[in-house]
1. Within region 15-22, is there a residue that is touching an Asp or Glu at 6+ places or on another chain (Cβ under 7 Å), under 11 Å from Pro88 (Cβ atoms) and at pLDDT 85 or above?
2. Being closer than 21 Å to Arg17 by Cβ, of a type outside the set (Gly, Ala, Ser), in contact (Cβ under 8 Å) with a residue 40 or more places away in the chain and exposed (fewer than 14 other Cβ atoms within 10 Å of the Cβ) is the requirement here; does Val83 meet it?
3. Of everything in region 78-96, what is touching a strand residue (DSSP E or B) at 6+ places or on another chain (Cβ under 7 Å) and assigned to a helix (DSSP H, G or I)? Give them in sequence order.
4. Taking the criterion of being within 14 Å of the chain's Cα centre (by Cα) and closer than 14 Å to Ile10 by Cα, would at least one residue in region 111-118 satisfy it?
5. Inspect region 43-53 for any residue being buried (at least 16 other Cβ atoms within 10 Å of the Cβ), polar (S, T, N, Q) and either under 13 Å from the mean Cα position of the chain (by Cα) or at pLDDT 80 or above (or both) and give the result as yes or no.
Amino acid sequence: MSKADGLHPIIVYMIERHPLDLPDTGPLFQWLRLDRSLQQVLEGLLGPFDPDQMTILVDKEPGGEAWGQLMDALLAEEIDKVVTHLAPLRSAQRQQLIGTCAEMGAQLITPSDAGRNRL
């Protein structure tokens, strides 16, 4: 995977629907919305950033094609920051993402960070 594949150094990884969400409820773990408020929320977490340096990857459920793109780009050291909610991920995926980000030097930003890890 290379920059030519369209990924940028800041990745927002989202899952449309957690497997345990009930059909009559909204997404239980929705943290970020794909609307006008997204940039404002991300600025609160990341500080000022260039939206052109961000890619949004969305999977219908954990472990889809976007997950593979994310992991490939992390292993290629092409990502500086990953913004995601860990709850919708499978346990093994959470551990994989945490470990891979740590090993590759990418900053992992989750709802619990509330921007604390920002430089």
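1. Yes, because at least one residue in region 15-22 is touching an Asp or Glu at 6+ places or on another chain (Cβ under 7 Å), under 11 Å from Pro88 (Cβ atoms) and at pLDDT 85 or above.
2. On the way: closer than 21 Å to Arg17 by Cβ: yes; of a type outside the set (Gly, Ala, Ser): yes; in contact (Cβ under 8 Å) with a residue 40 or more places away in the chain: yes; exposed (fewer than 14 other Cβ atoms within 10 Å of the Cβ): no.
Here the answer is no, as Val83 does not meet what is asked.
3. Of everything in region 78-96, nothing turns out to be touching a strand residue (DSSP E or B) at 6+ places or on another chain (Cβ under 7 Å) and assigned to a helix (DSSP H, G or I).
4. No: zero hits.
5. Within region 43-53, not a single residue is buried (at least 16 other Cβ atoms within 10 Å of the Cβ), polar (S, T, N, Q) and either under 13 Å from the mean Cα position of the chain (by Cα) or at pLDDT 80 or above (or both).
The values are calculated or read from the model by the stated rules, or taken from the named source; none is laboratory data. All of these numbers come straight from a predicted model, not from anything done at the bench. Cβ coordinates were reconstructed from backbone atoms using ideal geometry, including for glycine residues, and neighbour counts include every protein chain displayed.
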